[in-house]
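Rule-based calculations on the coordinates, nothing more; no lab input. These numbers were taken from a predicted model, which means no experiment stands behind them. Virtual Cβ from ideal backbone geometry, glycine too; neighbours counted across all protein chains shown.
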Amino acid sequence: MNKAEITKEQYLKTARKFGFTRRELELGFLKVSGFSNRRIAYIFGISEQTVKNHFTHIYEKAWVPGRKEFRELFLQDDNSQQ
């Protein structure tokens with residue numbers, strides 16, 4: 001497995017600490033897996049602006065400023081266990 005890949009188990013272990021809703025958990029996993037906002041919007045049948053709104057809330061709950069730092073949360077947790 002590529003070091004940059006985050007498994008669903010790794011993701012959920014860390015993500016559950018932030019109190020995300022079920023929808024936020026789903027969207028967050030797609031984001032850390034590399035999906036764009038446009039693609040996520042298409043998958044869920046919602047507007048791209050709605051996806052952006054969800055990520056504003058997700059990043060606030062996780063105390064991170066953006067996508068890069070959000071993804072790093074899950075990579076850091078993986079590194080701390082090795």
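Quick check on this structure: which one of 52, 31 is surrounded by 15 or more Cβ atoms within 10 Å (Cβ to Cβ) and either over 12 Å from the mean Cα position of the chain (by Cα) or farther than 16 Å from residue 76 by Cα (or both)?
Answer to the check: 31.
List the number of the failed condition for residue 43; all other conditions in (1) of a type in the set (A, V, I, L, M); (2) in a loop (DSSP other than H, G, I, E, B); (3) surrounded by fewer than 15 Cβ atoms within 10 Å (Cβ to Cβ) hold.
So residue 43 meets the others, but not (2).
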